[in-house]
Amino acid sequence: MVESPSRIAQVACPHDCPDACLMDVVVKDGRAVKVTGNRQHPYTRGALCAKVSRLLERVYAPERLLHPVRRVGPKGPGGTFRPISWEEAISDIVGRIRQAITEHGAQSVLPYSYRGNNGVYQSNGIDRRFFHALGASKLARTICTGGLQGALAYSDVFRGFPPEGLVESRLILFWAANPVETGLHLWPYVMEAKRRGATLIAIDPYRSRTARSCDRHIFIRPGTDAALALAMAKVIEAEGLVDHDYVRQYTVGYELFAQRLRSLSMGELSQACGIPAEVIGELARTYATTRPSAIRVGLGLQRSGGGAAAVKVVACLPVLTGAWRHVGGGLSTTYGRAMHEAQDQDRAMRPDLAPADTRVVNMARLAEHLLDPAFHPPIKVIYVYNSNPAASLPDQRRVRKALQRPDLFTVLHDMFLTDTADYADIVLPATSPLEHEDFVLAYGGDFGSFSPRALPPQGEARSNAEVFQLLAKALGVEEAALGVSAADMAAEALRDGVRVEEFISKPFVRTRNQPDLRPRALGGFNTPSGKFEFYCERMAQDGLDPLPAFVPPHETLGSSPYPLNFVSRKHRDSLNSSYTHLPIMARQEEARRLEMHPVDAESRGLKDSDEVRVFNDRGEFVTRLRVSTNVPPGTVAAFWGWWDKLSGGKGNVNNVTSSALTDLGGGPTFYDCRVGVERLQGKALA
Ligand SMILES: Nc1nc2c(c(=O)[nH]1)N[C@H]1C(S)=C(S)[C@@H](COP(=O)(O)OP(=O)(O)OC[C@H]3O[C@@H](n4cnc5c(=O)[nH]c(N)nc54)[C@H](O)[C@@H]3O)O[C@H]1N2
Ligand SMILES: Nc1nc2c(c(=O)[nH]1)N[C@H]1C(S)=C(S)[C@@H](COP(=O)(O)OP(=O)(O)OC[C@H]3O[C@@H](n4cnc5c(=O)[nH]c(N)nc54)[C@H](O)[C@@H]3O)O[C@H]1N2
Ligand code: SF4
Ligand SMILES: [Mo]
């Protein structure tokens, strides 16, 4: 028998991950048979993460949705679906959109998406152009970085140096960052730094894999990072460790900040964050006297009531010490890089196509808006894609109640019948990343990839862009910007400096010739003053505290009837809720357990493997217990991403999280949550 030839297609991983890997996909007889990391790609270096190494389990999963379906029966868990044709699906959706527009105006239509697909064309391009041209409500995409956006709206506080710089660092603080699990391609740089003598310290309420890989791990009470950072700044100021020359040249408001630091009580700050003053002092001294010193800031920093304030205070530290002067010093972040620098997002998304006064709806308050009778115009049609809100939004009891509103028409476009599908009127089958063309710009590094389609779509699956183009045509939205190809969009959106022909024809490009390893060595802060603003005039004008401050979390520090802080963290083998129904995760019952410190377990008479109910007045979830020193006394943790319907409706940690928002930016506060835990009485888990 003659072997049929195989070919290798190079596809960018479009997951919401800073790494934006390049995959080599071996295709044989129209089927992908193997996926590995590309060896030439400077960041992928031949390795994919655990989950994407199993991408084909997802692409060829037996539960892949391959045809449009309509829900039969009432909205909610246990819904069944019947196949319908694409014509029927589109005509139904168009009919409901038209009706909503006639009765309530176009803003009664709401897109709802996040970065389930991070590609520019499919998910941050054509889709936006469609909804803008339709005049639909805009969505404030706050679910991940709302608190950070809030801080950035006032001050340039989070742009870091690229990963290459880390090899020069002699101290790296992993501050609310877990790259070993959430963006592992950073780690070779860290290991190189370590080989050259760097010390690694993690600041995290949970002993993550990253924390376990560090020389030292300091447990912090969730949501109190600003207290720790202010306490460090206080030590730095009091002990003469400030780089006054840097501060004089490149900052404003230092004297006012220093006065504030002197007025703060070390005892109170230490008590707030739960870290002894001696430990803070030692950390501050080590940080200020080691050169170069880097802070790798993760997004866990800004998911509490004072998240935006925390971002600003942590950003003060490398400014105070002048760490920015050195290669390997300053902040290392997952914000910006190619995604923000190499494209003009407005040229991709075309907000100019929308009517000028279009309202913006905060996704983090979706349920509140859906349930609010005074919300005008009411949301009548919600079109969900790239997201699983009936899993990923906080306060799920309320979210599910809202999605059950009988007069709401919900469309879901996804590869699977997720928890959100149970609330959808129509579910459309989406292509996998191998089945459509797209382009991805990394937010963790200076590179990007154009991905041709590697495989024909499975079944009747269609890509986001195709569906929006179909809908536009059926609705009579005649806007040329909607009809473009991925290559056209790349040409429109890429900034000067990235050669479009090269971008389209090569498997990957670097989006900068030279990495900017000392981006703040000479200041260059993107603020009205061009300097780092300890004192922010615009905050003062808006009636906000203009100086760096500790804004306490809503729950984890205050008094509450629920005694334990709860952290719901991300898991190595899933991407948010995207892999949890697949065999890779389903096997891992152990991974789903609630971790509790032995002291807390003992005082409750709980032991390993007990089935427990985790609850507060918002809701509950049920899981098994793991007695563990990965958490300190007073804090419990579980991974987030499990689908409720896989656990008889009692599996989702977001049943207990709160929909209260961050201090600025309207972000969610997933890691600011108190719970009680008790042995489950009655019915065990399914
Ligand atoms: N394998 C995998 N990779 C992922 C994801 C995934 O689900 N799985 N998700 C992707 C997405 S959407 C994102 S946003 C990124 C996020 O990746 P990261 O930037 O690493 O952020 P998180 O994982 O949200 O949180 C990092 C750490 O912060 C800790 N933490 C929680 N609250 C606090 C706090 O108040 N203070 C401090 N100091 N630490 C705190 C958590 O325990 C966690 O270990 O990862 C991306 N990569
Ligand atoms: N408790 C708790 N909750 C959290 C978090 C936490 O740490 N703790 N993290 C939060 C964060 S940081 C984030 S970013 C959110 C993420 O939450 P979501 O935005 O809901 O992301 P996912 O759960 O990954 O769901 C993405 C969906 O998009 C689908 N999808 C993938 N590619 C495509 C495509 O090309 N087209 C279409 N139409 N669909 C596609 C996938 O199949 C998947 O079902 O979760 C948040 N929720
Ligand atoms: S999820 Fe991240 S680490 Fe995994 S393959 Fe994709 S880009 Fe790479
Ligand atoms: Mo996220």
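Of note:
- With respect to the chain, whose longest principal axis is taken over its alpha-carbon atoms, helix 277-289 is tilted by about 80°.
- This model, with +1 at the C-beta of Lys and Arg and -1 at the C-beta of Asp and Glu, gives region 199-310 a dipole about its Cα centre of some 420 debye.
- The calculated FRET efficiency for the pair Arg45 and Arg499, based on their C-beta separation and a Förster distance of 22 Å, comes to about 0.40.
- Cβ-based exposure ranking for Ser628, Ser263, Ser603, in which fewest neighbours within 10 Å come first: Ser263, Ser603, Ser628
- Between helix 86-104 and the chain there is an angle of about 70 degrees, using the helix long axis and the longest principal axis of the Cα atoms.
- C-alpha center-to-center spacing [region 576-652, region 321-368] in angstrom: 33
- In the chain, the sites counted are GluC sites (Glu not before Pro) in DSSP loop states with at most 16 other Cβ atoms within 10 Å, and the longest stretch holding none of them, exclusive of the sites, is 240-459.
- Student exercise, the chain dipole from Lys, Arg, Asp, Glu Cβ charges, in Debye to nearest 20: 1140
- Shape class of region 128-213 from the Cα gyration tensor (axes a ≥ b ≥ c, square roots of the eigenvalues): prolate, since a/c reaches 1.5 or more and a/b is larger than b/c.
- Distance from the Cα centroid of region 1-43 to that of region 237-256 is 50 Å (rounded to whole angstrom).
- Using C-alpha pairs below 8 Å separated by at least 6 residues, the relative contact order for region 564-679 is 36 percent.
- Among Leu261, Tyr287, Val297 the positive-end extreme of the charge dipole of region 252-341 (Cβ point charges): Val297
- For Arg196, net neighbour charge (Lys/Arg +1, Asp/Glu -1) across residues whose Cβ lies under 10 Å away: +1
- Total formal charge among the other residues, if their Cβ is under 12 angstrom from that of Ser529, Lys/Arg +1 and Asp/Glu -1: -1
- Here is the list for region 548-620: trypsin sites (Lys or Arg not before Pro) lying in DSSP coil, each with at most 10 other C-beta atoms within 10 angstrom of its C-beta, are Arg587.
- Nearest-20 debye value, region 14-131 charge dipole, Cβ charges on Lys, Arg, Asp, Glu: 240
- Of the beta bridges in region 564-679, as assigned by DSSP with both residues counted there, near 65 percent are antiparallel.
- Selected from Ala474, Ala61, Cys273, residue furthest toward positive end of dipole (the chain; charges at beta carbon): Ala61
- Cα-Cα over 18 Å, subset of Lys194/Lys234; Lys75/Lys401; Lys51/Lys570; Lys380/Lys401; Lys75/Lys645: Lys194/Lys234
- Exposure proxy ranking for Ile203, Ile275, based on other Cβ atoms within 10 angstrom of each Cβ and starting from the fewest, stands as Ile275, Ile203.
- Considering only Thr431, Pro318, His571, the residue lying farthest towards the positive end of the dipole of the chain is His571, judged by Cα position with unit charges set on Cβ.
- Residue order, fewest to most surrounding Cβ atoms within 10 angstrom, among Ser265, Ser647: Ser265, Ser647
- Look at where the Cα atoms of region 119-134 and of region 411-486 average out, and the two centres are 10 Å apart.
- With both labels modelled 7 Å from their Cα along Cα-to-Cβ, the Arg679 to Ala277 distance reads 4.3 nm.
- Region 564-679: C-alpha gyration tensor shape, a/c 1.5 cut-off, then a/b vs b/c: oblate
Here, each number is a calculation from the coordinates, and none is a lab measurement. Everything numeric here is computed off the predicted structure, so don't read it as measured data. All Cβ positions, glycine included, derive from the backbone under ideal geometry; neighbour counts span all protein chains shown.
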